[in-house]
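Since the structure comes first, as structure tokens, the remarks are kept for the end.
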Amino acid sequence: MKVGILGATGYTGHELVRLLNVHPEAELIYLGSSSSAGKGYETVYPHFEGFGKGYLQTEDVPELDVLFCALPHGLTAARAKELLDRQIKVIDLGADFRLKDPDSYKTWYRLDHPVPELLAEAVYGLPEVYREEIGKTSLVANPGCYPTATLLALIPLLESKLIKGNSLIIDAKSGVSGAGRGASLNTHFAEVTENFKAYGIAEHRHTPEIEQELSRAAGSALTVSFTPHLVPMIRGILTTIYADVEAGVGEDDLRACWNDHYSNEEFIRVLPKGTWPQTKFCTGSNYVYLQLTLDKRTGRAVIVSAIDNLVKGASGQAIQNMNIMYGLPENYGLKGTAIWP
């Protein structure tokens, strides 16, 4: 497959290059960057010296089989129709096609959607939920990092009617790379190190994405409390979720639901009792680690998930989606385990 990346110099773009470097069926022939066109890729990322990645190009996309778009919201949607008309499959790592309601997109992203007619065509790229649909589409909306960590923990439990959807509290922590590579006061070393803070409280843009997919799983409209936090590390998301269980539901029921649902999923790891997820378990890998317990005193399930925000939370999942679109083994380019320590 002839593959290209728009936004190749950002963290998610770089992660795509790193992972595709060992993909047996992908030929990376286009690296697009509006800010660095004309530079050698190793000039931006010197550790690629000797790998022959070539020069960064303008945003004039050549003929490709598939294009990964790692761009700010609004930019992919504006050119998606032209790319699709050229028979180029599009995997959008941004937010343009995640929300099915254009009014919701306008509310949360403060932008009229450029091509609302394509929203019905786009498939939400969570392979463990929408695998069949992904295999038939040419336009994938790659999920956000926080939603990925949240949805994979909750969807099976909601679909099986084991937890109550009107009481969900999602407490999530992310490394600084989730904010992207651009310079910002909020991610300046002196602002982040030895510090721990909540942000986007009651207004984070991943909230409607989480609610959209959880509502589908529950079969009714849900509203959640979602609070993200920034922690002084580079990679990783750890999400702690609190959910009231339905009457008569025990911890073994919750665990059995996960085990049944994910028994054939290569990238989902339901950990043994007593082993709780850590972000280091998945650093650099496409794996998701899950654990839960039922607090009998409060009647709430405490659910924890961990992912690498740049891999399963972005670029690794995008490659997993590409593999499905082309009928390839899903682990192509994604066989590596975590880097430890």
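May I ask you to work out the translational diffusion coefficient for the range 225-271 at 10 °C, viscosity 1.306 mPa s, via Stokes-Einstein with Rh from the Kirkwood sum over Cα pairs, reported in whole µm²/s? Provide the component values of the computation, followed by the final result.
Values: Rh = 13.7 Å.
In µm²/s, the coefficient rounds to 116.
Please label the shape of the range 113-270 as rounded, prolate or oblate, based on the square roots a ≥ b ≥ c of the eigenvalues of the alpha-carbon gyration tensor (a/c under 1.5 means rounded; beyond that, a/b larger than b/c means prolate, else oblate). Don't skip to the end; give the middle numbers.
Working: a/c = 1.76, a/b = 1.26, b/c = 1.40.
Oblate shape, in that a/c is at least 1.5 and b/c is the bigger or equal ratio.
Work out the FRET efficiency for H188 and S220 from their Cβ-Cβ distance, taking R0 = 51 Å, and round it to the nearest 0.05.
Numbers: r = 43 Å, r/R0 = 0.84.
Once rounded, the FRET efficiency stands at 0.75.
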| said: What distance in nm lies between label points placed 7 Å from Cα along the C-beta direction at E25 and Q87? | reply: 1.8 nm
| Candidate aspartates and glutamates - alpha carbon under 18 Å from K280, same-chain residues fewer than 8 apart omitted | E15, D308
| On a 0 to 90 degree scale, rounded to 10, what angle separates helix 145-159 from the longest Cα axis of the chain? | 40 degrees
| query | Does anything in the range 190-212 have its amide N under 14 Å from the 7 Å Cα→Cβ label point of T227, and if so which residues? | reply | 196-204
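Pairs of Cα atoms under 8 Å, at least six residues apart: use those to get the relative contact order of the range 146-309, whole percent. Before the final figure, lay out the partial values.
On the way: 327 pairs, mean separation 50.2, N = 164.
Across the range 146-309, relative contact order equals 31 percent.
Give, in nm to one decimal, the length gained when the segment between I339 and K39 is fully stretched (0.36 nm per residue of separation minus the Cα-Cα distance).
On the way: separation 300, 0.36 × 300 = 108.00 nm, distance 2.97 nm.
Contour length minus the Cα-Cα distance gives 105.0 nm.
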| task | Express in whole angstrom the spacing between the alpha-carbon centres of the range 1-74 and the range 157-226. | result | 29 Å
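Ranking request for peptides 258-264, 312-318: highest mean number of other beta-carbon atoms within 10 Å first, then the rest in descending order. Before the final figure, lay out each step's value.
Details: 258-264: 13.6, 312-318: 27.6.
Result, highest mean Cβ count within 10 Å first: 312-318, 258-264.
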| query | Based on the mean of other beta carbon atoms within 10 Å per residue, what is the order of 29-36, 214-221, most packed first? | reply | 29-36, 214-221
| task | Could you state the angle between the C-alpha long axis of helix 316-325 and the longest principal axis of the C-alpha atoms of the chain, as a value from 0 to 90 degrees rounded to the nearest 10? | result | 80 degrees
| field | Those residues of the range 148-181 whose amide nitrogen sits under 15 Å from the label point placed on T240, 7 Å along Cα→Cβ | value | 169-174
| said: Give me the extension gain from N195 to H47: residue separation times 0.36 nm, minus the current Cα-Cα distance, reported in nm with one decimal. | reply: 50.3 nm
| request: Mind giving me the nanometre distance, one decimal, between the label points for D103 and R181, set 7 Å out from Cα along Cα→Cβ? | output: 3.9 nm
| remark: Of the listed pairs K89/K173; K164/K312; K173/K335; K89/K164; K106/K161, those with alpha carbons more than 30 Å apart are K89/K173; K89/K164; K106/K161
| task | Please determine, in degrees from 0 to 90 and to the nearest 10, the orientation of helix 207-218 with respect to the longest principal axis defined by the Cα atoms of the chain, where the helix direction is its Cα long axis. | result | 60 degrees
| field | Protection proxy ranking of 286-297, 144-155 - average other beta-carbon atoms within 10 Å, highest first | value | 144-155, 286-297
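Determine the shape class of the range 186-341: with a ≥ b ≥ c the square roots of the Cα gyration tensor eigenvalues, call it rounded for a/c under 1.5, and otherwise prolate if a/b is greater than b/c, oblate otherwise. Present the calculation step by step, with values, prior to reporting the outcome.
Values: a/c = 1.42, a/b = 1.08, b/c = 1.31.
Rounded shape, in that the Cα axes give a/c under 1.5.
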| remark: Here FRET efficiency (C-beta to C-beta, E59 to Q278, R₀ 45 Å, nearest 0.05) is 0.70
| message | What percent of all Cα-Cα pairs in the chain falls into each 10 Å bin, going from 0 up to the bin containing the maximum distance? | response | 5, 26, 35, 24, 8, 1, 0
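Summing Lys, Arg as +1 and Asp, Glu as -1, what charge do residues with Cβ under 11 Å from the Cβ of D253 carry, D253 excluded? Don't skip to the answer; put the middle values down first.
Numbers: positive: K161, R255; negative: E246, E251, D252, D260.
Around D253, the surrounding residues sum to -2.
Every number here is computed from the coordinates shown, using simple stated rules; none is lab data. The structure displayed is predicted, hence computed values, not measured ones. Neighbour counts run over all protein chains shown; Cβ positions are idealised from the backbone, glycine included.
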